[in-house]
Amino acid sequence: MMRVWVLPVLLLLSGAVLATGLARRGDLAMAAVLLPLFVLFAGVNSPLIFPRPVPAAEAQRRSAADGRPVVYWRPGCTYCLRLRLRLRLRLRLRLGRDASRLHWVDIWRDPAGAAVVRAANGGNETVPTVVAADGPHTNPDPAWVREQLPPPT
């Protein structure tokens, strides 16, 4: 649980130290620009941008019931972030409140989820790995993932 917050906390602390140093030297404008950037990077790399993860067994059970794909991800993964942001933006525009229609499994929190990813990727924990009806897909295009979603009800 704690390691998912290491990068965001380090970014916040680094930004605060850098901004403080710049402000002490009298460069308030640069401090005022850099601190919000570090806060933004910390937020983007935090678990807050992703929906609450579910255990792999629960995600698989839900997926069998509703036909939605399961996305295996981990915090700090650039490709996971890309997938999440592109899906969220497109789904928000198209589907409104149904933006989080996938089942997200954090492989750092769930060893069973990490095992599924390793099985699908030849022993590597390569994420995002999306398991849809036709099997696992590693780092798929967000448009393909959108096509895998059943129509909203």
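The values are calculated or read from the model by the stated rules, or taken from the named source; none is laboratory data. Fair warning: this is a prediction, and the values are worked out from it, not measured in the lab. All Cβ positions, even for glycine, are placed from backbone atoms using ideal geometry, and neighbour counts span all protein chains on display. Just the protein is used for accessible areas: all its heavy atoms, side chains included, with ligands, DNA and RNA removed. Shrake-Rupley method; radii C 1.70, N 1.55, O 1.52, S 1.80 Å.
With an a/c value of 1.5 or above and a/b larger than b/c for the gyration tensor axes a ≥ b ≥ c computed over the alpha-carbon atoms, the stretch 105-153 is described as prolate.
Helix 111-120 axis versus longest C-alpha principal axis of the chain: approximately 70°, rounded to the nearest ten. With the charge dipole of the chain set up from +1 on Lys and Arg Cβ and -1 on Asp and Glu Cβ about the Cα centre, the Cα lying farthest toward the positive end among the listed residues Thr126, Leu12, Trp144 is that of Leu12.
To the nearest ten degrees, helix 56-66 and the longest principal axis of the Cα atoms of the chain are 60 degrees apart.
Antiparallel beta bridges, as assigned by DSSP with both residues in the chain, represent about 65 percent of the total such bridges. Compute the helix-to-body angle for 78-95: its Cα long axis versus the longest principal axis of the chain, expressed 0 to 90° and rounded to tens. Taking the Cα atoms of the chain, the angle to 78-95 is about 70 degrees. Specify which residue in the list Met30, Ile107, Leu85 is farthest towards the positive end of the charge dipole of the chain, using unit charges on the beta carbon of Lys, Arg (+1) and Asp, Glu (-1), about the Cα centre. Checking the options against the dipole of the chain, the answer is Met30.
Averaged per residue, the chain has 58 square angstrom of accessible surface, using a 1.4 angstrom probe with ligands and nucleic acids left out. Running Debye on the chain with equal point scatterers at the Cα sites and no solvent, what base-10 log of I(q)/I(0) appears at q = 0.15, 0.16, 0.19 Å⁻¹? The computed values of log10 I(q)/I(0) come out as -0.79, -0.86, -1.10. What FRET efficiency, computed as 1/(1 + (r/R0)^6) with R0 = 30 Å and r the Cβ-Cβ distance, is obtained for Glu58 and Asp134, rounded to the nearest 0.05? That pair, Glu58 with Asp134, gives E of 0.90. The charge dipole of the chain, taken about the Cα centre with unit charges on the Cβ atoms of Lys, Arg (+1) and Asp, Glu (-1), comes to about 340 debye, rounded to the nearest 20.
Charge dipole of the stretch 18-72 (Cα centre as origin; +1 on each Lys and Arg Cβ, -1 on each Asp and Glu Cβ, all else neutral): 60 debye, rounded to the nearest 20.
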